[in-house]
1. So which of 347, 343 is within 25 Å of residue 154 (Cα to Cα), under 25 Å from the mean Cα position of the chain (by Cα) and not charged (D, E, K, R)?
2. Among the residues of region 384-401, write down those that are among the β-branched types (Val, Ile, Thr) and assigned to a loop (DSSP other than H, G, I, E, B).
3. Taking region 395-447, which residues are of a type outside the set (A, V, I, L, M), within 15 Å of the ligand (Cβ to nearest atom) and within 20 Å of residue 357 (Cβ to Cβ)?
4. Would you say residue 176 is aromatic (Phe, Trp, Tyr) and out of contact with any Asp or Glu (no Cβ under 8 Å at 6 or more places or on another chain)?
5. Given the conditions (1) farther than 23 Å from residue 247 by Cβ; (2) in contact (Cβ under 8 Å) with a residue 60 or more places away in the chain, which single one is not true for residue 110?
6. Report yes if some residue within region 167-179 is among the small types (Gly, Ala, Ser), under 16 Å from residue 419 (Cα atoms), in the same structural domain as residue 258 (by TED's automatic domain parsing) and surrounded by fewer than 24 Cβ atoms within 10 Å (Cβ to Cβ); otherwise report no.
7. One residue is enough: does region 309-330 have a residue meeting the conditions of a type in the set (D, E, K, R) and either in the same structural domain as residue 215 (by TED's automatic domain parsing) or crowded, with 16+ Cβ neighbours inside 10 Å (or both)?
8. Restricting to region 248-270, count the residues that are of a type in the set (Val, Ile, Thr) and within 15 Å of the ligand (Cβ to nearest atom).
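The values are calculated or read from the model by the stated rules, or taken from the named source; none is laboratory data. On a predicted model such as this, the values are computed, not experimentally measured, just so you know. Note that we place each Cβ from the backbone using ideal geometry, even for glycine, and neighbour counts take in every protein chain shown.
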Amino acid sequence: MPIAMRPAQRYAVQSVLIHGPQRTRGLSYQHGIHPPVVQSNTYRLESSARGHQAFCEFGSVEVEQGDNAPKLIYERLTSPNKVLLQDQLVTMENGFSARVFATGMGAINAGLFTVLDARRGHTMIADTMLYGCTFSLCQRGLPKRGITVNPVNTSDLNSLIEVITRKDDKTRVIYFESPANPALRLTDMLALRNIVDDVNKNRDPQDQIILILDSTFATPYSQNPLNLGIDILIHSLTKNLNGFGTRMGGAVIINDQERFLTELDMELKDGGAVMLDQVAWDFLTYSIPTFIPRMRQKTETAMRLARFLEEHPQVGKGNVVFPGLESFPQYELAQKQMSNGLARKFAPGDMIYFQLKRKQDESREAYLTRTAFFLDSIADDSYAVTLGVSLGLWKTMIESPALMTHSSYTEDQLIQSGFLPGGMRLAPGGEDPKDIESDLDDGLEKAA
Ligand SMILES: Cc1ncc(COP(=O)(O)O)c(C=O)c1O
């Protein structure tokens, strides 16, 4: 079957994620029901001329768009299992090209430097609420490489307009997460696209503003941001796209190959944060085929747990943040924006952010001690809920962002960025929801 005849045109995405294209440029596997893992990091070249041509062709849009196999040279540049995985991610996100990386942070770095160029004086706007290591990259790694990062709440479009319409503004990238980790704030992507299009009309193409979104929390089940005007889309594959807490990975997905592909490939090749073929094979064999049913179940469980917490006397309304709740401050935007993914209906995600109900006159210190006590009792006594920092596993995870994943924020920064003082992040897994509720209830009663 030629690659141009993708079965996606005839079969539902859920089926395509199980069977894949069954053949990809550079690897045909008609005899197995799974592709082989390619165990060679180096490929035989039939002549020095062909080897030379392969290097010259690397990163070329013509090769990406053509029917011929990209020449395999060396695993860091490209390899068959990764090409298969990239094809699946393109299908899931409705993009044109994807590149996979060793980790989400590897993908973020590559995505950013696909367009940022300190020699052109580029600066970047980063949302004030970001995953802790991305925040730390904005605080130290990017400035060290000559990129000034301006923190702006990207959900507040007026503040953004104020910065990017300044006469001397050099913003090259607006970087954000939606929903943002951990407090699930959304940014209206279609509105932002319109604003940026207007500003870009007056800018040199090399300096136009590029929208980069980390869509890890939403996953392609809830939203396909390339359809909402995002230029460069990033995922940590370590989370729901892996689904089991077994492998790490990251992805950058684009639909404008002419503008981004070559530089993205250079960042992959020269940055070196590449995914191993064995890892790509695990994603292809276990993670991607089970993605839709996993997310279907988790979205339902999250909805149920959010309501359970809202009704719990130790938590209650006003202390639970979940885009599927009517009490979510951006509920209307959530319904609009998180309905265009693979679920084909409103899918508010699987992440919940909540805090304990604060007692009358309870000091901040006592309140935070009680929150830590709740988490410790989960660590000690819970079977179905695990204290740990990741999310997107098939086991339910809970953590305190302020104490753990977001400890790169100072206390002032946490408050200014809209974190809840005792906020906890709950990432449901595949357990029976009654068991998750019962373990949470035990911990909450102990911490009452
Ligand atoms: C929203 C978000 N983006 C990026 C990352 C980084 O991904 P990785 O751990 O795969 O490098 C994380 C990790 O928790 C995350 O939550």
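1. Every option except 347 fails the conditions.
2. 389
3. If the condition is that a residue be of a type outside the set (A, V, I, L, M), within 15 Å of the ligand (Cβ to nearest atom) and within 20 Å of residue 357 (Cβ to Cβ), then 399, 400, 401, 419, 423, 425 are the ones that fit.
4. no
5. Only one criterion in (1) farther than 23 Å from residue 247 by Cβ; (2) in contact (Cβ under 8 Å) with a residue 60 or more places away in the chain is unmet by residue 110, namely (1).
6. There is no residue in region 167-179 that is among the small types (Gly, Ala, Ser), under 16 Å from residue 419 (Cα atoms), in the same structural domain as residue 258 (by TED's automatic domain parsing) and surrounded by fewer than 24 Cβ atoms within 10 Å (Cβ to Cβ).
7. Among the residues of region 309-330, at least one is of a type in the set (D, E, K, R) and either in the same structural domain as residue 215 (by TED's automatic domain parsing) or crowded, with 16+ Cβ neighbours inside 10 Å (or both), which makes the answer yes.
8. Total meeting the criteria: 2.
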